[in-house]
1. Would you please give the residues with an amide H less than 5 Å from that of TRP128, counting only those at least 5 places away or on a separate chain, with H modeled from the backbone geometry?
2. Taking H as built 1.01 Å from N, whose amide H comes closer than 5 Å to the amide H of THR297, not counting residues under 5 places away?
3. If packing is taken as the average count of other Cβ atoms within 10 Å, what order do 223-229, 33-39, 280-286 fall into, highest mean first?
4. At what distance in nm do the modelled label points of GLU231 and ARG452 sit from each other, each positioned 7 Å from its Cα along Cα→Cβ?
5. Obtain the nm distance between the two label points defined at HIS175 and ASN443 by a simple spin-label model: each point lies 7 Å from its Cα along the Cα-to-C-beta direction.
6. With θ taken as phi - 60° and the coefficients 6.51, -1.76 and 1.60, list the Karplus ³J(HN,Hα) couplings across the range 80-86 in order, rounded to whole Hz; mark glycine and proline as x.
7. Fewest Cβ neighbours within 10 Å first, please rank VAL354, VAL8 accordingly.
8. Please give, to one decimal in nm, the separation of the simple spin-label points placed at ARG101 and ASP338, each 7 Å out from Cα toward the Cβ.
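Just so it is clear, none of the values below were taken in a lab; they were calculated from the coordinates. All of these numbers come straight from a predicted model, not from anything done at the bench. Cβ sites come from the backbone with ideal geometry, for glycine too, and all protein chains shown count toward neighbours.
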Amino acid sequence: MSGKLIVVSNRIPTAATPSGGLVFALHETLRKTGGIWIGSDPEFQADPSDTLKEIGDQSTYQRLAFEMSETDYQTFYLGFANSVLWPVCHRRGDLVQMSRRFEEGYRRVNKRLARQIFEVAGPEDMIWVHDYHFFPLAADLRELGFEGKIGFFLHIPFPALGDMGALPPSANLAHWLADYDLVGLQTRSDVARCLEMFRSELGAELMHDGKIKYGERRVGVRSFPIGIDVEAFVATAEKSTNREEIAKDLSGELIIGVDRLDYSKGLPNRFRAFGRYLETRKDKERRPSLLQIAPPTREEVSAYRDIRFELEELAGRLNGENAELDWTPLRYIHRNIDRDVLAKLFRTARVGFVTPFADGMNLVAKEYIAAQDPEDPGVLVLSRMAGAAEDMTEALLVNPYDIEEMSEALAQALDMPLEERQARYTACMKRVRATDVGRWSENYLNALKDSRRDLSWSSFNERHKNSA
Ligand code: ADQ
């Protein structure tokens, strides 16, 4: 690549060496290649600047922030991104909040950001855009005349055509995405849905190399299943410090769930399934506990407040009905936990309980597997609706709407003989290693480098002018 790499994501890490799988992988990539990482400034400005500003550590590559007003945050971030696009992509059209202000905010922030990027991007630069906050960014950059390569990666599920009916007409995903060189998605099912959209909305043709042909344009649509920083997570989980203390405090068999408190993660049904397991377990002397760690997220959005109340009520009832003087069946922690403690909790837990209704991939499933002791591994109970289930077929796959099936899976996991646990763990771990996040970003960027939109920008402009 002769130009530089520009990564765009909503959040930008400011620490010299940020932690966390995806953020760390992008940091490592930029550290090697140099370039720019662009993300939003967490401070609101009454009158957002038209230029990007330096934020955080600048020693290995440049980090630049785009400013937003409080109205931008309300309409672009909480509004269109998280009250329209997020529910639509997670098959919850019933939770969509329609507002023209949201649409305007989304377009305003994306257009402003495109102008800001255009100022710092050279013609040879390659831009990698992350997630649903920025679907239209390539279209806005093309309109300004940027001809270089632009790739997109969607971390969440690609919506089915039927679900897109809940989007306002201004949200034209097909047109927005057709301006990227490469659309990266988590799973093969996401790719199938995206191709279906291109075919039906634009009449695009699918070519033998897997690209779609739209007029004279070629857009690559491929799956790049994301993973975790495997070696780092394994090493953290293996470190013995505190492990004994954690295990002592959590006496008995542990089932663990770790999720942002999001309605897509299926937490109420998970609690119900655990309650059902307790009710139906044959050996009443057996007293496993479910540790659910669920830090709050997007609490300004009403659907997130509702799920919090629902869970608190369910948790209270479950413990009220089942607890003994010396046993609390459900522990529900509503905050963030250090990653090294998390890794050890995963290793201690007999069962990893991951039951989203919809999830792009689900990194917790991979972290749980990576944290296990190969000599005595625990069992992953995983929703079929998580992207991770497409390849981790040796987990105990469950339907997150079926309480009975999930409760039976818990029983099966807790009773599973060592040999079967090891066989399932080995198969899952193979998949976890194959999708290591370092390799993921390398694969994506290689594919973006090799991608080529066949049409020159000038003739594309011409066509647009003629059709206008
Ligand atoms: P998320 O919806 O945030 O990500 P997930 O993939 O599970 O879901 O990643 C969450 C991360 O946060 C994990 O690394 C987890 O360990 C961490 N985490 C969660 N709760 C925590 C807590 N209490 N304390 C500390 N850490 C916690 C989106 C998509 C996913 C997709 C990822 C990456 O929704 O489907 O897998 O992006 O592409």
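1. ILE6, VAL7, VAL8, GLY151
2. Under 5 Å from the amide H of THR297 lie the amide H atoms of LEU261, each far enough along the sequence or on another chain.
3. Descending packing order for the listed peptides: 223-229, 33-39, 280-286.
4. Those two pseudo-labels are separated by 3.5 nm.
5. 3.3 nm
6. Once θ is set to phi - 60°, the couplings for the range 80-86 become 5, 5, 9, 10, 10, 5, 4 Hz.
7. VAL8, VAL354
8. Spacing of the two 7 Å Cα→Cβ label points: 4.2 nm.
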